[in-house]
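The values are calculated or read from the model by the stated rules, or taken from the named source; none is laboratory data. The shown structure was predicted, so the numbers you read here are calculated from the model rather than taken from an experiment. Cβ coordinates were reconstructed from backbone atoms using ideal geometry, including for glycine residues, and neighbour counts include every protein chain displayed.
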Amino acid sequence: MPRVPGPSPRVQPRDAGPPPLLSVVFWVVLAATALTYAVHAGTSPGPSIARITVFGANVALVGALWLVLPWRRTRGWRGPAAVVFLVATFTLGPAGSDEIHQLLPLISIANLAFVYGMRTAAVIVGCLCCGLFLSVVKVYGRGVLDAVAQTVPLVVFAAFVLGMTSAVLEARRRREEAQRLLARIRELTVAQERARMGAEMHDSVGHHLTVIKMGLENAERFRHRRPDAAWDEVRQAKDLTRQALADARRWARALRPLALDGHVGSAALQQLAASFDGTGLKVSFEVSGEELPLEPDVELVLYRVLQEGLANAVRHSGARRVRGGLAFHDDRVVLTVTDDGGGRDREAHGGFGLGSLAERARAVGGALTTGDRPGGGFEVRAELPVHPGAAP
């Protein structure tokens, strides 16, 4: 029995950096801040050389930190860079930016939430607001009302930014969780498919090997008293060995991945159909209509439908010819697999393969139908949307 794969190891997502639009806003505001200060510095009386140097260094520090800021939880020196960036954006005001820079501290608050989480960001912002309040009162010697007037807008805007950031973080968390669940579902689907194939391989090849063993044991018993019967058993064992080998090769082909020798789409299906040559079937495959790019889930269902239709023709129908057809339409693709055998095997057990494929077809918004053909033989027909979720 194939081992069901365990949970995939959680890989830390790559830090993709800030959203492009946010980067544009940052650089525009930083450039406007520097340009405004330069204009004021050219007036008379302008700031001293020392103040100009401090402001220029502050602007350069903010720009340099932006290039290395992390946007996910991280370890190492890049994490503290978010706190330094927050302080650097706030000090642009005392350095003389004339309030043009005020959007930059809000961006830095959002960055803090991305890197440290909402609680830590809220604590840091709270400490910063307290520091601003005290600096207005103690350093600049203004009254409490002035300090409140300076602090309250920061608190309001910071709360707004943290709320928006919280929504973005929750959306990111849910997306990553959905991606992990999707990967887990795919792993379980592969495990289920391999378990089914393993059971069917045991039934087919195992049955042949059991009969071969019994035949050889009979030949051993008959070799002296009934040598002709013994040789009959040996010949039958040889025939069964060839059948078992053909079954083993067929299952080895069935376990091959979707992309056969680098082929996908109709090329992969044609390659799969050609791989059944040598099983006693004459297999043909045709493609009609203008081929459209298919989603991976749709392509996988088509591949498995053709695979199951060909395997059933070999196992149950007694067919000599099998014809596969792939037809592309505007918004859907239709795959048919027909044979000239005896139709549905009424005594065949299981049927799990086609039933599972019908569920897969419904999962991508399509349908799978099977049944005897009016003129004889059996047909499997899958009609799927080009894009999953669309009605065929």
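One table, with the values for the structure above:
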item	result
The range 264-312, subset of a type in the set (G, A, S) and part of a loop (DSSP other than H, G, I, E, B), residue modelled with the highest pLDDT	G289
Selected residue [under 22 Å from the mean Cα position of the chain (by Cα) and either exposed (fewer than 15 other Cβ atoms within 10 Å of the Cβ) or at pLDDT below 85 (or both)] from P20, P5, P45	P5
Near pairs, Cβ below 6 angstrom, 6+ apart or cross-chain, from the range 176-188 (closer than 18 Å to V364 by Cβ and touching a residue at least 60 places away in the same chain (Cβ under 8 Å)) to any residue that is hydroxyl-bearing (S, T, Y) and not in a helix (DSSP H, G or I)	A183/S8
Evaluation of R315 against (1) surrounded by 15 or more Cβ atoms within 10 Å (Cβ to Cβ); (2) among the basic types (K, R); (3) under 25 Å from E187 (Cα atoms); (4) at pLDDT below 80 (one fails), failing number	(3)
Condition check for F114: within 25 Å of V28 (Cβ to Cβ) and in a helix (DSSP H, G or I)	yes
The range 149-172, subset loosely packed, with under 14 Cβ neighbours inside 10 Å and farther than 16 Å from W71 by Cβ, residue nearest to the chain's Cα centre (by Cα)	G163
Residue match in the range 82-103 (condition: surrounded by 14 or more Cβ atoms within 10 Å (Cβ to Cβ), in contact with a Phe, Trp or Tyr (Cβ under 9 Å, 6 or more places away or on another chain), farther than 15 Å from L30 by Cα and of a type outside the set (F, W, Y))	yes
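Residues checked against (1) assigned to a helix (DSSP H, G or I); (2) free of Cβ contacts under 8 Å to residues at least 24 places away in the same chain:
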{"residue": "V39", "(1), (2)": "yes, yes"}
{"residue": "I52", "(1), (2)": "yes, yes"}
{"residue": "N58", "(1), (2)": "yes, no"}
{"residue": "R75", "(1), (2)": "no, yes"}
